Each structure stands twice: as structure tokens, then as C-alpha cells.
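Visitor: The following block contains the structure, expressed as C-alpha cells.
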Amino acid sequence: MFKRLFTVAGYTAISRVTGFLSNIVMAYVLGAGPMSDAFFVAFRLPNSFRGIFGEGAFNAAFLPRFTKVRTQEGPEAAARFANNVYSWQIAAQLVLLVIALVGMRYVVMALAPGFQRHPGQFELATALARIEFPYLIMTVSSVQLSAMLNAVGRFAAAAAWSILLNLTMIATLLLARWFPNAAYAAACGVFLGGVAQLAFISWAAARSHLRLRIRRPRWDAQIKEFLGALGTATFGSASVQIGLFIDTLISSLLPAGVLTAINYADRIDQLPLGVLGIALATVLLPEMSKRVALGDEAGARTSQNRSIAVGLFLTLPFAAAFIAVPQTIMRGVFAHGAFPVEAADISALALAGYGVGLPAFVLVRVLQATFYARHDTATPVRATWSAVAVNVGFKLLLVFGLHLGALGVALGTSFGSWANVSVLFWYARRRKLIEIDATLRHSLLPSVMGAAVTAAASLAGVMWAFTLVPAPGLWQRSSALALAIVLAGIGYGVVALVYRQRLPFARETRKA
């Protein structure tokens, strides 16, 4: 399991690094203002629908059933099931695409009503959304092929295909002078990224003798069960996206540039979340699905405990750094070119707020696998809707009641995620689907120590940099970030070395 986990994490890390570089280029070229806000709102639409119909709901409904059919009935039966699912999915996506392109003006109006206060921003967001929305139909095809690859134990290509979107966006942004403006360049990068991703994952799947073909959709018992599970999971995924839509709506009512600042904070937060959370969920779901299908409940619980232990040990230090030195991170990374220091400081507030919920974001993905592996998509839906209620309630209080702005938006999201974790854990314990074992208990101390040392070391690095480079400016910001990263990395590494025998990696090595 850990070998597959590190494979997925490695490629996902490359994807996040290229995404990080894409964000730096975007901040340098687009800056923080009405034009960048318009791009992020336009990109929210295909991204949110991808969250609803893509990895979130689709994997939960499709992967365990595809694995079961392939295990019990063979590859040919699994291929027929996959093609039938794909045919239904493409039919639905084409209808959605036509509706979205025709009614895009009204969609943007509902999503970002504040844009109508700025001349030209609403029209720009609508035009960009029409360019970017076809990305959805390409990416959901890529998602199904990725799920099929994961089900047969091929994780590398499925983890690597998202890199191509970042590369195409970097390329088009660097060629921004050939477009009407930089926002159009970024939007075209999204569209071309979808084309490149689908071509790559189709090639990789074909090498593993996996293909998708459009057939006349057939209504049978398998598709009925799948669509029922997908509908339930979609309902849950929609609740997450509703929370994101509310984020966008609230941010559009704040001063120009705040929406962009929040998005860049979220991108930094997504670095550890994307690498660890997605990697853990990607590997854990097929692992647990296979064990549950074979009746190995004890093995399924063991895999989950190890995933939780790994998730906490690797994410708590990031959360500590985001809370301890958010200004250093955001100034050092983004305060260049058209992106001013003031916007970086707003992003820093949001990053600290997201840091509060970072461990919860990862734990949610791990705990959801408990239910998805058993074909239960309803329980995560109930937990997610509870989380959305908490999320929205806190946002309204923190943003409009206490006037915390970007910090309030991020904290609302974090509190909602912790509510989600609490509800999922309660359901799992009540049904005896999860049991905290010695591996998880032994890993808690090094996880907490790693977080504490990371926070202290990063603060020490910032203070040392201010002593070495007392004059404010680019060199001070860069040296502060570099020293914070180096000292935090050394401190965390020492903790990992001292407590190595208490970590699940060491236990896996001994067993091997």
C-alpha cells in the first residue's frame, strides 16, 4: 500500500509544484483586481462541476462497483459496465454543456452579483466562462479512465495527467501579449489543458488495455444501482460545491482583489492537501474496496488507521506553518510583478484560516473511504450537508457580523471541515467500522511534536532573516521564506528521525 501511496504522492507532488509555478506566473501577469477576479469566477464553474460529477461523486460510485465486477465477473464484464456508464455520462454532459453555454450570463450573474458594480468585469467573466466550460466534458472522461487505471493497480498515469493543465496555462500566460488580455490567455490555457489531459490519459489507459467506447446507453440493474449511488454521492458533492459557490458570492461582494487573494491562499493550502489528501484517498479507496469485497474487514480497518496516521504526521506541520508564518509565505511567493504586497497580506490572513482546517480536509477524504468502500454513499452526504450548514453559518457571522473579510471566509471553510470529520467519525464508530489501533496511537506524539517544531523553527527562520536583511523589500521577503523553509524542514526531519520507530512507515518496512 505504501509503495502505491508514494507513487501517487510523488506524481501528485509534481502536479502541485507545476500548479504552484502556474500560480506564480498567473499572479505576476494577472495581478489582483477585477480581471483576475473574473478569471477565477469563470474557472470556478467547470472546476465545481468537475467536483460534483468528477472525482468526488463519480469515483465514490464507480470505482468500488467496477472493482467488484472485474473481480467477480472478469475484465470483459467490467469493460461493458464501464462503457455503459461512459455513454450515460457523455449524454448528460452534452446536455449540460449546451445549457451552460446558452445561459452562461445568468449563471455568472447568480455566482458573482458583485461584478455588476465594476464596468466590463461581468462581461469578461461571462466570455471567459464560455471558453473554459468545455474543459468539463473532457476532464470527466479523464476522471473515468483514471478510476479504471486505479482499479487495476495502475496509479502513475492517473496521478500525472493533471500536470498538463498547469503546463498549458503557464505557456499561454507567457504568451499573453498575443491574446486580448491576460485573462483570455489563462482561459485558453484551461481549454487546451483539457485537450492535453484527455489525450494523455487515453494513451496511458490503452497501454493497459483499457478503453472507453460510446454505445447506446442501456438501462439494466447495474446501471440502475450505479446511478442511484451516483445521485446520492452527487448530492453530497453538490453540497461541497454549494459551499464554494457561497465563498465566491461572498468574496465578490468584498473589495476588488479580495476574491483573487483568497484563491491564492487556497492554492497554497492545496499543495499539501492535494498531494497527501488525494494520494491517500486514491490509494485507500481501491485498497479498502478490494478487502471489503473479499470479506477482510480487519485488513480494511488496518489500512485506514495507517492512512490516518500518515495523513496527520504529514499535514500537521504544514498547518502549523500556515498559522505561524502566513505573511512570510504569501509575500515570499506572490508579492512580485502585478501582485502587490497588500494583496499578499490579505492572502496571508486567508492562509492562516485555511491552516486551521488543513488536517480536517485530509481526514475527511480518508474517513469517507470507510463508507464508499462498502457502497454507502448516503452517510458521507449527510455529514457533508451538516458541514455546509456549519460552514455557511460561520461565514455569515465572521464576514458580515465580525467583518473579518478573507480570514472569515477561510475560517468558515475550516470549521465546516472539522464538523464533517466529527460527523463521519461518529457514524463510523457507531457502526463499528473504525477502531483506533496501536499504529495510530503511537503516531500521535510524533505528529504533534513535528507540528510544534515546524512552527517554532519557521518563526526562528523569519527572525533570523530580518536580522540578516533589515531593509524591507524583495531580498528580505525571499530570505525570510527560504530560511523558514530550511529550518522548518531540518526541525521536522529531526523529529521524524527521533520518533521513526513510532511511525507507520517503519512498521511497514519491518513487515516487508
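Read the figures in this text as sums done on the coordinates, not as results from a lab. Because the structure is a prediction, the values reported are computed rather than measured. Quick reminder, even Gly has a Cβ in these numbers, built from the backbone with ideal geometry, and neighbours come from all protein chains shown.
Visitor: What spacing in nm lies between the two simple spin-label points modelled at VAL448 and ARG429, each 7 Å away from Cα in the Cβ direction?
Guide: The answer from the label model is 1.7 nm.
Visitor: On to the next question. Treating only the Cβ of Lys, Arg, Asp and Glu as charged (+1, +1, -1, -1), what charge dipole size does the chain show about its Cα centre? Round to the nearest 20 debye.
Guide: Numbers: 42 positive and 20 negative charges, 295 e Å.
Value, rounded to 20: 1420 debye.
Visitor: Label-point separation (nm) for LEU174 and ASP296, each offset 7 Å from Cα along Cα-to-Cβ?
Guide: 4.6
Visitor: What's the magnitude of the charge dipole for region 359-489 around its Cα centre, counting Lys and Arg as +1 and Asp and Glu as -1 at the beta-carbon? Answer in Debye, nearest 20.
Guide: Working: 10 positive and 3 negative charges, 78 e Å.
Dipole magnitude for region 359-489 comes out near 380 debye.
Visitor: Can you compute 3J(HN,Hα) from phi for each residue in region 475-484, using the Karplus curve 6.51 cos²θ - 1.76 cosθ + 1.60 with θ = phi - 60°, rounded to whole Hz and x for Gly and Pro?
Guide: 5, 5, 4, 5, 5, 5, 5, 5, 5, 4
Visitor: Please list 183-191, 34-42, 338-346, 397-405 highest first by mean number of surrounding beta-carbon atoms within 10 Å per residue.
Guide: Per-residue Cβ counts within 10 Å, averaged per peptide and sorted highest first, yield 34-42, 183-191, 338-346, 397-405.
Visitor: Hey, which of these cross-link pairs are over 28 Å Cα-Cα: LYS68/LYS432; LYS290/LYS395; LYS290/LYS432? All intermediate terms of the calculation are to be shown ahead of the outcome.
Guide: Working: LYS68/LYS432 23 Å; LYS290/LYS395 40 Å; LYS290/LYS432 19 Å.
From LYS68/LYS432; LYS290/LYS395; LYS290/LYS432, over 28 Å: LYS290/LYS395.
Visitor: Rounded to the nearest 500 deg cm²/dmol, what is the calculated helix-only ellipticity per residue at 222 nm for the chain, with -39500 (n - 2.57) per DSSP H run of length n ≥ 4? Working shown, then result.
Guide: On the way: 21 runs with 415 residues, N = 512.
The per-residue figure over the chain is -28000 deg cm²/dmol.
Visitor: Let me know the charge dipole size of region 14-124 about its Cα centre in debye, to the nearest 20, where only the beta-carbon of Lys, Arg (+1) and Asp, Glu (-1) is charged. Can you show the working numbers first?
Guide: Values: 9 positive and 5 negative charges, 33 e Å.
Taking the Cα centre of region 14-124 as origin, the dipole is about 160 debye.
Visitor: How high is the FRET efficiency between LEU21 and LEU497 when r is their beta carbon distance and R₀ equals 22 Å, given to the nearest 0.05? All intermediate terms of the calculation are to be shown ahead of the outcome.
Guide: Working: r = 30 Å, r/R0 = 1.39.
Plugging the Cβ-Cβ distance into 1/(1 + (r/R0)^6) gives 0.10.
Visitor: Subtract the Cα-Cα distance of ALA456 and ARG218 from 0.36 nm times their separation in residues, and report this length gain in nm to one decimal. Spell out each step's value before the answer.
Guide: Working: separation 238, 0.36 × 238 = 85.68 nm, distance 5.97 nm.
Full extension of this stretch gives 79.7 nm more.
Visitor: Give me the one-decimal nm value for the distance between modelled label points at SER422 and GLU73, 7 Å along each residue's Cα-to-Cβ direction.
Guide: 4.3
Visitor: Another one. Would you kindly state how much longer the chain becomes between MET463 and GLU342 on full extension, computed as 0.36 nm times their sequence separation minus their alpha carbon distance, in nm to one decimal? If you can, show how the numbers build up before the last one.
Guide: Details: separation 121, 0.36 × 121 = 43.56 nm, distance 2.08 nm.
Net length gain for the segment: 41.5 nm.
Visitor: Right, something else. Scan the chain and hand back the longest stretch that contains none of the trypsin sites (Lys or Arg not before Pro) lying in DSSP loops with at most 12 other Cβ atoms within 10 Å.
Guide: Numbers: sites that count: ARG213, ARG215, ARG218, LYS432.
Counting at most 12 other Cβ atoms within 10 Å as exposed, the longest clean stretch of the chain is 219-431.
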